[in-house]
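To start, the structure itself, in structure tokens.
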Amino acid sequence: MTTYVLRHGQTNYSRRYLVNGDPSKPIQLTEEGRQSLSRGWSTLPLHAVRTWLTSEFPRAQQTASLLMGVPAAALVIDPHLNELDYGAFEGGPFLEYAVWLDSHGATKRPEGGTESQREGIRRMLKGVLAALEHPGPRVLVGHGLLISVLLWHKSRCSDEAMPLFFPEAPYVEPIVVPDAELPVWITALLSDLDRDARQEAAGRDGAAILRIYGGSGVATVESASHSPDLKDLPHA
């Protein structure tokens, strides 16, 4: 069997690069976001899907419901798949959180937040692995950070360390993972997180330098061990 993992459609928050880690906010898809679902209709085996899973966020549930064509009550809702809790940065520009993240590191929790970036990634990965408990084929609608991490892993080089920032995930473009491969992916990524935690405890080595160019929503990340790369940062 197979799991199809994809990001929800565009919202007014994601379009403006604002963060939303609070599922109680009624943030829905834009018209462009709804139209983008046609990509899912053409790439997902809609008639064969046996399980639809989403986070607690309205935008993820709306995406799944519109794709599946039946009421949202049929969805499996898993809070492990929720977007990152941004704490005091909730509702603000992602770049403000990114500056803080660059200064404090991936294992620190922002003020008012319940998790660090790495803790949030770990939670999401466990939610993806738990999807295997449900009949397949299955579709999992999540958020940008999760999709970005999976895309990074899919194309990573051997021994490449997990970065602090990831390229922005595309909307409604499924990552297709066979059931036999999914535990391998998750195990490798959880091992990355364990290694990060040990390294963070020993002190940040080769920390990323975040440079932000005015108003573009784009930042360049450089580190001592990686050549410069262009990173588009928002994940909501």
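Computed values, structure above
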quantity: So Glu119, is it open to solvent by 60 Å² or more (accessible area, probe 1.4 Å) and either part of a helix (DSSP H, G or I) or at pLDDT below 95 (or both); calculated: yes
quantity: Test: residue in the stretch 131-138 that is open to solvent by 30 Å² or more (accessible area, probe 1.4 Å) and out of contact with any strand residue (DSSP E or B) (no Cβ under 6 Å at 6 or more places or on another chain); calculated: yes
quantity: Of residues in the stretch 64-106 being of a type in the set (S, T, N, Q) and at pLDDT 95 or above, the one nearest to Asn20 (Cα to Cα); calculated: Asn82
quantity: Condition met for Arg59 (among the basic types (Lys, Arg), open to solvent by 60 Å² or more (accessible area, probe 1.4 Å) and farther than 19 Å from Leu129 by Cα); calculated: no
quantity: Looking only at the stretch 169-196, and only at residues there that are in a loop (DSSP other than H, G, I, E, B) and in contact (Cβ under 8 Å) with a residue 40 or more places away in the chain, the one that is nearest to Leu145 (Cα to Cα); calculated: Ala169
quantity: Yes/no for Arg59 being of a type in the set (D, E, K, R), assigned to a helix (DSSP H, G or I) and within 24 Å of Gly33 (Cα to Cα); calculated: yes
quantity: Test: residue in the stretch 151-168 that is polar (S, T, N, Q) and either touching a residue at least 60 places away in the same chain (Cβ under 8 Å) or surrounded by 15 or more Cβ atoms within 10 Å (Cβ to Cβ) (or both); calculated: no
quantity: Verdict on Glu133 being touching a residue at least 12 places away in the same chain (Cβ under 8 Å), among the charged types (D, E, K, R) and out of contact with any Leu (no Cβ under 9 Å at 6 or more places or on another chain); calculated: no
quantity: Pairs where the first residue, in the stretch 101-112, is within 14 Å of Met162 (Cα to Cα) and the second is of a type in the set (Ser, Thr, Tyr) and in a helix (DSSP H, G or I), C-beta under 7 Å, 6+ apart; calculated: none
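Here's the yes/no breakdown for (1) surrounded by 13 or more Cβ atoms within 10 Å (Cβ to Cβ); (2) charged (D, E, K, R); (3) modelled with pLDDT under 95:
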position	(1), (2), (3)
Thr3	yes, no, no
Thr11	yes, no, no
Tyr17	yes, no, no
Lys25	yes, yes, no
Glu31	no, yes, no
Ser36	yes, no, yes
Ser42	no, no, yes
Ala48	no, no, yes
Trp52	yes, no, no
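The values are calculated or read from the model by the stated rules, or taken from the named source; none is laboratory data. Just so you know, these numbers come straight off a predicted model, no measurement behind them. Here Cβ is always computed from backbone atoms with ideal geometry, including for glycine, and neighbour counts include all displayed protein chains. Side chains are part of the model used for accessible areas, which takes the heavy atoms of the whole protein and leaves out ligands, DNA and RNA. Shrake-Rupley method; radii C 1.70, N 1.55, O 1.52, S 1.80 Å.
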